[in-house]
Amino acid sequence: MRKYLLLFLKKYWVLLLLIFIKFVLQFIFINPVYELHRDEFLHLDQAFHPAAGFISVPPLISWVSILINFLGGGIFWIRFFPGLFGVLTLLAIWKIVEELDGGILAKLLSGTVFVFSIFTRLNLLYQPNSFDILAWTTIFYLLVRFIKDSKSYWLYYIAIISVIGFYNKYNVIFLLMGLFLAFLFTKLRKVFVNKAFYFALLLGLILFLPNLLWQYNHGFPVIKHMRVLRETQLIHVSSLGFIKDQLFFLAGALPLFVAAFFAFFNHSEFKKFKVIGLTFFLVMVIFLLLKAKNYYALGLYPVLFAFGSVYLEKKFPTKFLYISTIYLTINILMFIGVVKFMFPVLSPEAINERKEQFESMGLMRWEDGKNHQLPQDFSDMIGWKEMAAHTFNAYTRLSEGEKKETLIFCDNYGQAGALNFYNRGNTPESYSFSTDYLYWIPENLKITNVILIGKYPDNKVVQFFDHIEKIGSVENQYAREKGTSVYLMTGANEKFSEFFYGEVKRRRLEMDCF
């Protein structure tokens, strides 16, 4: 046993070192002043409402949330799983290099460039993006295997991973569209006369059917979600800005990117893989036409790190040790130089002292197209505990009898998720008309009191209550929720419950009809 362990360590010590570094960075690159992100609260709440689909995202992340709750639901596990998906992506890159007959230096180079890059930033938050990158990279790995030996079973594996990717984030459809078009322009078009290709499609459809039926039964909310996204966020995205952001993301990996395309189109050994290069360009064109968010394209890059590293190793066999050493040194130094901008390591006060630097890099620009005091993601990680404390304070003012007829209601999903995370077990579950919470509101509650989080209610709501008192508001100037108030509304008459559920029904119908 000891002999085999030593052989394993000898063969994989570089990979194990990179995995260790990846996990360490995962936990040290978040300043304790920051809490969870509003999206993370939502995904954690989905564990308590299992379903084949959700308004906001497909269901895979809810299954991971169930596992996180089983493990205790602590911050460690919330940070662990996106880090794990990042590590598995690193492993997929390593395996692609192996399939290309790359040596240890090519593995070290591609792995290090991946670890010390924007991808570690992406893996900080518990969102579908981390698994999305893993799914794309795994599909490319399986494609490399299929190109090498033409075994039909790789098509089935690609179908399975694609479906799992769909269950995580529908973004993978753009990769498949690009692959389909790229196949048409290469010798791989012969796959379309392979019956295994159609059996793989059928397998994928069967596996995806539960979520497809959920979408159908709810009026395909993904279409409404995309329409709202386009009208409220993507409208501020420009093609030039998208391309500039890609160059920023690739800053430390640009040589590998260029080397990969030399490999696809100028190296005889790699020309059979040019479908990957074509896929990159086709997916980029799709994203540019759709005015996609900048990070949607990140799944295209890890495979290029692998190809670029192996190409340089084969092109400069005697000098690659020096080339890779210099490159790694420069890459790590560049990474260190941008850590304070890419990661939430600085306090809000420290960021504001460097506000002009952050603005010059476009990091203060939010989805509304305007500059703010903090990067949007960072601002979304502040103020939640303060809000939860005010809500708990409001709840404790009620008698035991009043608590049984109390609804905690929020303006948005971030508020509801944060209150459920911090106050679960001490207050009733919080709800909202926002995203998935609209469907989680229980039926036929008798509502006499409401703890409202958000803006002061309008007159058509105020008329139902005997008394409304402001308990407190979020005062942290850097929080996106700054000014959000907590109101204790008591003594609702009998007509309020009818009014409230009428509003629930109306909004659900609007959502179902998209």
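The values are calculated or read from the model by the stated rules, or taken from the named source; none is laboratory data. Model, not experiment: these values are computed from the prediction. Cβ atoms come from the backbone with ideal geometry, glycine included; neighbour counts cover every protein chain shown. The protein model used for the area step is the full one, side chains on, heavy atoms only, and it has no ligands, DNA or RNA in it. Shrake-Rupley method; radii C 1.70, N 1.55, O 1.52, S 1.80 Å.
Taken over region 392-435, the criterion of being of a type in the set (K, R) and under 29 Å from the mean Cα position of the chain (by Cα) is satisfied by R424 alone. For region 30-80, filtering for residues that are over 29 Å from L374 (Cβ atoms), part of a loop (DSSP other than H, G, I, E, B) and in contact (Cβ under 8 Å) with a residue 60 or more places away in the chain leaves 6. When each of R79, R121, R145 is tested for being of a type in the set (K, R) and either modelled with pLDDT under 95 or open to solvent by less than 10 Å² (accessible area, probe 1.4 Å) (or both), the lone residue that passes is R121.
Which condition does F409 not pass, out of (1) under 28 Å from K505 (Cα atoms); (2) free of Cβ contacts under 8 Å to residues at least 60 places away in the same chain; (3) in a helix (DSSP H, G or I); (4) in contact with a Phe, Trp or Tyr (Cβ under 7 Å, 6 or more places away or on another chain), if it passes all the others? Going through (1) under 28 Å from K505 (Cα atoms); (2) free of Cβ contacts under 8 Å to residues at least 60 places away in the same chain; (3) in a helix (DSSP H, G or I); (4) in contact with a Phe, Trp or Tyr (Cβ under 7 Å, 6 or more places away or on another chain) one by one, F409 breaks only (3). When each of K22, K10 is tested for being basic (K, R) and open to solvent by less than 50 Å² (accessible area, probe 1.4 Å), the lone residue that passes is K22. Listed by first and then second residue, the pairs with beta-carbon distance under 9 Å, at least 6 apart or on different chains, first residue in region 389-406 and under 15 Å from G491 (Cα atoms) and in contact (Cβ under 8 Å) with a residue 12 or more places away in the chain, second surrounded by 14 or more Cβ atoms within 10 Å (Cβ to Cβ) and of a type in the set (F, W, Y), are A394/Y487; K403/Y395; T406/Y395.
Note on region 144-172: among residues that are among the small types (G, A, S) and either within 17 Å of the chain's Cα centre (by Cα) or outside any helix (DSSP H, G or I) (or both), the one that is farthest from K190 (Cα to Cα) is G165. Filter region 463-514 down to the residues that are assigned to a helix (DSSP H, G or I) and of a type in the set (S, T, Y) and list them by number. Scanning region 463-514 gives S497, Y501.
Considering the conditions (1) part of a helix (DSSP H, G or I); (2) of a type in the set (D, E); (3) exposed (fewer than 13 other Cβ atoms within 10 Å of the Cβ); (4) at pLDDT 80 or above, E269 is excluded by exactly one of them, (1). In the set N476, N493, only one residue is more than 23 Å from M387 (Cα to Cα) and open to solvent by 20 Å² or more (accessible area, probe 1.4 Å); that residue is N493.
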